Every structure is written in structure tokens, then in C-alpha cells.
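Chemist: Okay, here's the structure, questions in a sec.
The values are calculated or read from the model by the stated rules, or taken from the named source; none is laboratory data. As the structure is a computational prediction, the values presented were derived from the model and not from experiment. Using ideal geometry, Cβ is built from the backbone for each residue, glycine included, and neighbour counts are taken over all protein chains shown. Calculation scope for accessible area: heavy atoms of the full protein, side chains included, ligands and nucleic acids excluded. Shrake-Rupley method; radii C 1.70, N 1.55, O 1.52, S 1.80 Å.
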Amino acid sequence: MNINEIYIQIAETENDNSLVELAKSEVMVIPVLINLMIDNADCRAENVLIELSEQTPLLLYPYFNYIAKALDRYNNFISWNIWQIVTNLLVADYLEMWEDIKEKYFNAFKSENIAEILILISTTQTVIKYKPDCKEKLLILLEECKNNNYKICNEPAPHLKTVVSNAIKEAIADL
């Protein structure tokens, strides 16, 4: 399949599950999805990549660094959800690529954006499972992020500290 056929196939594929299956059978679909996510902020491509990272992390692992570079491109759901993809790839991180971005991950816990923090909290179990040396640092960061000053539309939202605390309790319950 050439690149134009891949773009056409992606556009014509009606549901995300079919697109996941297409990416599994035609690996050249994966870099196209990554480009769509990064260059076009395409949420559908992002959702498919999240699904692929959960189902077949080895297919995406060769693109780890390329995906991680997208963290610097946006300050929105695209970059925040990239943490889901990257942390799902830790199961296959035989080249230790996590080492290049883990400080960026840790620094993200200082965010005052509730969506970003909730996404990060949701990834902590995976990070601890596959990078157990990060457990102590993550537990400290989780405790500290309870004190962040969360905002909605740039307005203080102190009630969100409760939301964060509950998400943390849920995330660490199984540790």
C-alpha cells in the first residue's frame, strides 16, 4: 500500500476498531496515524494509537521517541494523552527510552490543569509496574499534586483538589 492509499484507507475506515485492525495488518498505517495526531491534532488518530499501545505495544515501540517528541508540540489533550501511549509502551522498553523523558513526566505533575493531572495519575500504575525504580518518586509527586492550585478557565477551582485526591486513592489502591 502506498502512502496515498493509506490516507484514503484511513479516511474510508468507518470505526476506530477497524482502524486498529488495519494498523495491525498494515504497519505503514502507524506512522501515518502518528503524523495525523502530531501534525493535525487528530483525535481519532490519537484514540487509535492509544488503543494500539494497549493491545500491541511492540508495534508502536519503534516510534517511541517520535511520539514522545510530540509532548513539546501542544499544551492540550493531544500532548497529555501521549503520556497514555508512552506509558503503555513501557512494557516493551528494552532500549530504556523512558530514561530520556521521565523527568519531563515527573515535571508534568506540577500542572494546574485538572485534565492533565488526571491523565498523569491514570498512568502511574503502569509506570510503577514497568519502572519500579520510579515508585518512590511517583508516590511523592502524587502526594504533592494534591496541593496544586487547579483552575477551570483560568479561575481557581479549589474543589478539584478533592477530585485529585480521589483519583490518587483509586490509582494507588492496587499498588
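Chemist: Any residue that is farther than 22 Å from residue 37 by Cβ, open to solvent by 50 Å² or more (accessible area, probe 1.4 Å) and either in contact with a His (Cβ under 6 Å, 6 or more places away or on another chain) or among the basic types (Lys, Arg) (or both) - is there at least one of those in region 77-100?
Modeler: Checked against the condition, which is being farther than 22 Å from residue 37 by Cβ, open to solvent by 50 Å² or more (accessible area, probe 1.4 Å) and either in contact with a His (Cβ under 6 Å, 6 or more places away or on another chain) or among the basic types (Lys, Arg) (or both), region 77-100 yields no hits at all.
Chemist: Oh, and also: If I go through region 67-99 residue by residue, how many of them are assigned to a helix (DSSP H, G or I) and either of a type in the set (S, T, N, Q) or in contact with a helix residue (DSSP H, G or I) (Cβ under 7 Å, 6 or more places away or on another chain) (or both)? Before the answer, list the steps.
Modeler: Keep residues of region 67-99 that are assigned to a helix (DSSP H, G or I), which gives 67-72, 77-92, 98-99.
With either of a type in the set (S, T, N, Q) or in contact with a helix residue (DSSP H, G or I) (Cβ under 7 Å, 6 or more places away or on another chain) (or both) added as a condition, the list becomes 67-68, 70-71, 77-92, 98.
Within region 67-99, residues that are assigned to a helix (DSSP H, G or I) and either of a type in the set (S, T, N, Q) or in contact with a helix residue (DSSP H, G or I) (Cβ under 7 Å, 6 or more places away or on another chain) (or both) number 21.
Chemist: Any residue that is closer than 22 Å to residue 114 by Cα and part of a helix (DSSP H, G or I) - is there at least one of those in region 15-30?
Modeler: First, pick out the residues of region 15-30 that are closer than 22 Å to residue 114 by Cα: none.
For region 15-30, residues closer than 22 Å to residue 114 by Cα and part of a helix (DSSP H, G or I): absent.
Chemist: Next question. Output the residues belonging to region 107-125 that are part of a helix (DSSP H, G or I), under 21 Å from residue 68 (Cβ atoms) and either in contact with a Leu (Cβ under 6 Å, 6 or more places away or on another chain) or open to solvent by 40 Å² or more (accessible area, probe 1.4 Å) (or both).
Modeler: Step one: list which residues in region 107-125 are part of a helix (DSSP H, G or I), which gives 107-108, 114-125.
Remaining after also requiring under 21 Å from residue 68 (Cβ atoms): 107-108, 115-125.
Across region 107-125, the qualifying residues are 107, 108, 118, 122, 124, 125.
Chemist: Out of the residues in region 7-50 meeting the condition of being surrounded by fewer than 15 Cβ atoms within 10 Å (Cβ to Cβ) and aliphatic (A, V, I, L, M), tell me which one is farthest from the chain's Cα centre (by Cα).
Modeler: 8
Per-residue answers, yes or no, for (1) under 26 Å from residue 139 (Cα atoms); (2) of a type in the set (Asp, Glu):
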position: 16; (1), (2): no, yes
position: 45; (1), (2): no, no
position: 48; (1), (2): no, no
position: 55; (1), (2): no, no
position: 64; (1), (2): yes, no
position: 82; (1), (2): yes, no
position: 88; (1), (2): yes, no
position: 102; (1), (2): yes, no
